[in-house]
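Please read the structure below before turning to the comments.
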């Protein structure tokens, strides 16, 4: 993660930078040090505002993955399927598989710190990996179950700032990471 994507770094640097002229003002009582403190606080507040206002591709990918997990938790499978490129022919397979279950939860962990983001021919693509788990039941009355962690790899095409479309996916249980599969029935 870049330091400019981290608000805690900005706040910490702003505090340290503002304390130094504040200490000079306290020791010497000169107004210029108090003004310098105010300018430091204003500059870092502006930087923090800018950082929170702009979403990088990495941040939007993370948000997208967490949004997908929320759609699974809420059992909004039709809406989730619209996030997959329809030209792949994977939409119906994924929708049919997921609709067999009623989800009670869905977790995401271990998001790759450096997703692979490439640009070619005016198009931005990205690949991100993470571990996913779900608690669900088969149908309305089936027994509740918790899936073991599944390694998931999603490939995206950027449609607009902050908007990504899944163009490929693969998943595997941890013991079979080297055997990525596109078979939606592999779950």
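The values are calculated or read from the model by the stated rules, or taken from the named source; none is laboratory data. Keep in mind that this is a model prediction, so the values were computed, not measured. Reconstructed Cβ throughout: ideal geometry from the backbone, glycine too, with neighbour counts over all protein chains shown.
For the reader, a short list of remarks on this structure follows.
- Candidates 97, 88: the one that is in the same structural domain as residue 164 (by TED's automatic domain parsing), more than 16 Å from residue 165 (Cα to Cα) and at pLDDT below 80 is 97.
- Residues of region 94-113 satisfying the condition of being within 20 Å of residue 127 (Cβ to Cβ) and in contact with a helix residue (DSSP H, G or I) (Cβ under 8 Å, 6 or more places away or on another chain): 94, 108, 111
- Residues of region 103-133 satisfying the condition of being assigned to a loop (DSSP other than H, G, I, E, B) and under 18 Å from residue 66 (Cβ atoms): 110, 111, 112, 113, 114, 115
Each row is one residue, and each column tells you yes or no for (1) under 30 Å from residue 105 (Cα atoms); (2) surrounded by 12 or more Cβ atoms within 10 Å (Cβ to Cβ); (3) in contact with a helix residue (DSSP H, G or I) (Cβ under 8 Å, 6 or more places away or on another chain).
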| site | (1), (2), (3) |
| --- | --- |
| 30 | no, yes, yes |
| 41 | no, yes, yes |
| 58 | yes, yes, yes |
| 64 | yes, yes, no |
